[in-house]
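Structure first, commentary second.
The values are calculated or read from the model by the stated rules, or taken from the named source; none is laboratory data. These numbers come from a predicted model, not from an experiment. Here the Cβ positions follow ideal geometry from the backbone for every residue, glycine too, while neighbour counts run over all protein chains shown.
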Amino acid sequence: MATIGVVLSGCGVYDGAEIHEAVLTMLAIDEAGHDALLMAPRGPQRHVIDHATGQPADEARDVFAESARIARGKLRDLATVQAAELDALVFPGGFGVAKNLCDFAVAGADARPLPAVAALVGAVQAAGKPIGFACISPALAAAIFREAGVPGVLLTVGDADDEAAVTMRAMGAEVVACPVREVRVDRARKVVSTPAYMTAARITEVRDGVKAMVDEVLALMP
């Protein structure tokens, strides 16, 4: 039985982890007979969005505390997780990835990853273990790999010509089109990505794409 790290970035599509994608990731891991180790960084969210209106809310929330809602309280501080504990790592989407795990949402092509996140990804990569990215989280991957001096990583973010894709190319990534139920794989770097809600119209589409991502990540495990 393998242990798959799942990195959360809060709770809610507009300012945290996309809940459907996170839960479907956990479900796919469990259905494959493996364990998910859920983790999140500590610290304030970049901002808080009222999900009923889509407007900013005048309040502060902690990324770890919000992520614990999805994890049902069983959550590790990302800074304490070591690559040796994991067989693979997966990032569900949600704009918390682009706001709380890196600053892609505000910095665009100049985005920088949260140091603890970049360190864990680098350690997992160095150990030859695969990493999966869903929805907008490939933008985080682009920031991490650019900072690490690794150009041309194959990624998808839905439409290969939309603003996010163009920006990620400016960061050095190779961004390609991908149907919502499929994945794209950079086999040299063991990186798997799927569009999920970047293009999905139905939750069943997200389910199929996320399951395909998890299955491919599991197949790439050493």
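Specify which of the listed residues (177, 126) is more than 17 Å from residue 105 (Cβ to Cβ), without any contact (Cβ under 8 Å) to a residue 40 or more places away in the chain and not aromatic (Phe, Trp, Tyr).
On the way: 126 fails: without any contact (Cβ under 8 Å) to a residue 40 or more places away in the chain.
Of 177, 126, the one residue that is more than 17 Å from residue 105 (Cβ to Cβ), without any contact (Cβ under 8 Å) to a residue 40 or more places away in the chain and not aromatic (Phe, Trp, Tyr) is 177.
What number of residues within segment 23-48 are touching an Asp or Glu at 6+ places or on another chain (Cβ under 8 Å) and β-branched (Val, Ile, Thr)?
Adding up the residues that qualify gives 2.
Name the residue, out of 144, 203, 131, 136, that is surrounded by fewer than 21 Cβ atoms within 10 Å (Cβ to Cβ) and of a type outside the set (Phe, Trp, Tyr). Lay out the reasoning, then the answer.
On the way: 144 fails: surrounded by fewer than 21 Cβ atoms within 10 Å (Cβ to Cβ); 131 fails: surrounded by fewer than 21 Cβ atoms within 10 Å (Cβ to Cβ); 136 fails: surrounded by fewer than 21 Cβ atoms within 10 Å (Cβ to Cβ).
Result: 203 is the single residue among 144, 203, 131, 136 that is surrounded by fewer than 21 Cβ atoms within 10 Å (Cβ to Cβ) and of a type outside the set (Phe, Trp, Tyr).
May I ask you to list the residues in segment 1-21 that are buried (at least 20 other Cβ atoms within 10 Å of the Cβ), of a type outside the set (A, V, I, L, M, F, W, C) and assigned to a loop (DSSP other than H, G, I, E, B)?
The answer is 9, 10, 12, 15, 16, 18.
Show me the strands (runs of 3 or more DSSP E) entirely contained within segment 29-116 in which 2 or more residues are modelled with pLDDT under 95 and either under 15 Å from the mean Cα position of the chain (by Cα) or over 22 Å from residue 127 (Cβ atoms) (or both). Walk me through it before giving the result.
Numbers: elements: 35-40, 48-50, 55-57, 88-91.
Strands (runs of 3 or more DSSP E) meeting the threshold: 48-50, 55-57.
Of all residues in segment 147-159 being without any contact (Cβ under 8 Å) to a residue 40 or more places away in the chain and closer than 30 Å to residue 202 by Cβ, which is surrounded by the fewest Cβ atoms within 10 Å (Cβ to Cβ)? Spell out the reasoning first.
Initially, segment 147-159 is screened for residues without any contact (Cβ under 8 Å) to a residue 40 or more places away in the chain, giving 147-156.
Pick out the ones that are also closer than 30 Å to residue 202 by Cβ and you get 153-156.
Values: 153: 23, 154: 19, 155: 27, 156: 31.
Selected residue: 154.
Pairs, please: C-beta under 8 Å, at least 6 apart or cross-chain, first residue closer than 15 Å to residue 95 by Cα and in segment 32-50, second in a strand (DSSP E or B) and among the polar types (S, T, N, Q)?
Final answer for the pair search is 49/55.
Out of the helices (runs of 4 or more DSSP H) lying entirely within segment 122-222, which hold 2 or more residues that are under 24 Å from residue 78 (Cα atoms)?
Details: elements: 137-147, 163-170, 203-219.
Output list reads 137-147, 203-219.
Tell me which residues, restricted to segment 12-26, are touching a residue at least 60 places away in the same chain (Cβ under 8 Å) and out of contact with any Cys (no Cβ under 7 Å at 6 or more places or on another chain).
Going residue by residue through segment 12-26, those that are touching a residue at least 60 places away in the same chain (Cβ under 8 Å) are 12-22, 24-25.
The answer is 12, 13, 14, 15, 16, 20, 22, 24, 25.
Checking the conditions here, which among 207, 189, 184 is closer than 18 Å to residue 26 by Cα and touching a residue at least 24 places away in the same chain (Cβ under 8 Å)? Before the answer, list the steps.
On the way: 189 fails: closer than 18 Å to residue 26 by Cα; 184 fails: closer than 18 Å to residue 26 by Cα.
Step by step, each of 207, 189, 184 is checked, and only 207 is closer than 18 Å to residue 26 by Cα and touching a residue at least 24 places away in the same chain (Cβ under 8 Å).
Considering only segment 87-112, state which residues are in contact with a Ser or Thr (Cβ under 6 Å, 6 or more places away or on another chain) and surrounded by fewer than 23 Cβ atoms within 10 Å (Cβ to Cβ).
Within segment 87-112, 87, 108, 109 qualify.
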